[in-house]
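Everything below concerns the one structure shown next.
Since every read-out is calculated from the coordinates, none of them should be taken as a lab result. Note that the structure is a prediction, hence the values are computed from the model and not measured. Here the Cβ is made from the backbone with ideal geometry for all residues, glycine too, and neighbour counts use every protein chain on show.
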Amino acid sequence: MNGIEITELKLPVTLQGVHGSPYTRKSLAALRYRRLPYRFIIGQPGNPIPVGYPDWEALPVPKVGLLPTFYVAGEGGELKAITDSTPILAQLESLSEERSLYPTDPVIRFLNYILEDYADEWLTRCMFHYRWMYEADIDKAGAILPLLRDTGIPGAQHEKLKQLVSTRQIERLYVVGSNEVTTPVIEDSYHRFLTLMDTHLQQYPFLMGSRPGSSDFGVYGQLTCLTHFDPTPTKIVLEESPRTYAWVERLEDLCGFEVEESGWLTRDSIPDSILALLGEVARVHMPQMLANARAIAAGEKQFETEIDGKFWQQPSFPYQAKCLRWTREVFGGLVDSDRESVRHLLSNVGLMPLIEEVIG
Ligand SMILES: N[C@@H](CCC(=O)N[C@@H](CS)C(=O)NCC(=O)O)C(=O)O
């Protein structure tokens, strides 16, 4: 699926990242939940790791330098570096079918896919925005991120790295569409998300029911930053949804959680809270996915659209156009009757254009 072929997945699963990276946290928590042995290499591919990882120089560097990077066996048995948590977690299913991350009911599985994509591609904007927009957040992230790789960095070098990291990331705010105009759109969406999550958690321990799906881990990954690391959004969650804060703590390590096979939501029992979350996806995530895909199809480097009734402008991204294509492919892969059920559900929450709107 999704174009990544892992020819040989070996245990322990080997991955590299840092604790400040939401997708790294997503992947680690998913591996723990799945009880798959793993080797976690702290740091960035290609960068020296001072202690504890003697083989770091032998590790290949991925084509796109993103975290986490997984190391797998390529076609000739050689070590290959790959990125992109969503398809990689999906391929991990081939290692064992137990404690799967994917709901058995194809309709619910599709909703899980959409919510994972929303977490990875929208909530991450909230995360990046808060981290690099406000002084307290910039100060903390700038100071801590370099130390996550190496706690032994001498003072002067630490100060230099702090400046370097902060400047680089602040300059990249525009990449996720975060600026003065879009700030209220992003921040309102975070507040609303917390309310929706709070309502859901009053009824269910996980997004996908009484067992977690890949969407739970996607949301968890972004929230490790928003609710537990960055001071501004942490203050907000503590005021508005202590329940969501506690949920993030629990998700970190579910290795001891015993799974009931029948724990998934089913198409006959979709709670209003999930429908409301899908409505939120339609409100903020969908318009930017569609506008981005249109811009990519037209070869435009920027796109402008309206999100939540407000002006939105940002550079266009081939990767997100690919995400939209994948979502549509997953929908297209459903059997007719399931597709009709999904269509009915998505239409009710205003999400059908995500699947059907003609691009280019
Ligand atoms: N779609 C990818 C996204 C990974 C990603 O964006 N990783 C970020 C860190 S959380 C990254 O490595 N950014 C580049 C950088 O920090 O230099 C996934 O699901 O793994």
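Tabulated values for the structure
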read-out: Loop-located trypsin sites (Lys or Arg not before Pro) in region 219-309, at most 15 other Cβ atoms within 10 Å (DSSP); value: LYS301
read-out: GluC sites (Glu not before Pro) within region 227-309: DSSP coil, no more than 10 neighbouring Cβ in 10 Å; value: GLU258, GLU260
read-out: Neighbour cut-off at most 16 other Cβ (10 Å), DSSP loop, trypsin sites (Lys or Arg not before Pro), region 1-100; value: LYS10, ARG35, LYS63
read-out: Built amide H within the under 5 Å cut-off of ILE41, gap 5+; value: LEU15, GLN16, GLY17
read-out: Estimated [θ] at 222 nm from DSSP helical runs (n ≥ 4, -39500 (n - 2.57)) normalised by residues in the chain, nearest 500; value: -15500 deg cm²/dmol
read-out: Cβ-placed point charges (K, R +1; D, E -1), dipole of the chain about Cα centre in debye, nearest 20; value: 680 debye
read-out: Computed label-point distance, nm, for sites GLU93 and VAL358 using a 7 Å Cα→Cβ extension; value: 3.3 nm
read-out: Net dipole in debye of region 172-298 [+1 Lys, Arg Cβ; -1 Asp, Glu Cβ; about Cα centre; nearest 20]; value: 460 debye
read-out: Most mobile listed residue (SER27, SER94, SER241) in the chain, GNM with C-alpha springs under 10 Å; value: SER94
read-out: Chain lengthening between LYS63 and GLU180 when straightened (0.36 nm per residue, less Cα-Cα); value: 38.8 nm
read-out: Cα centroid separation - region 143-176 against region 32-80, whole Å; value: 22 Å
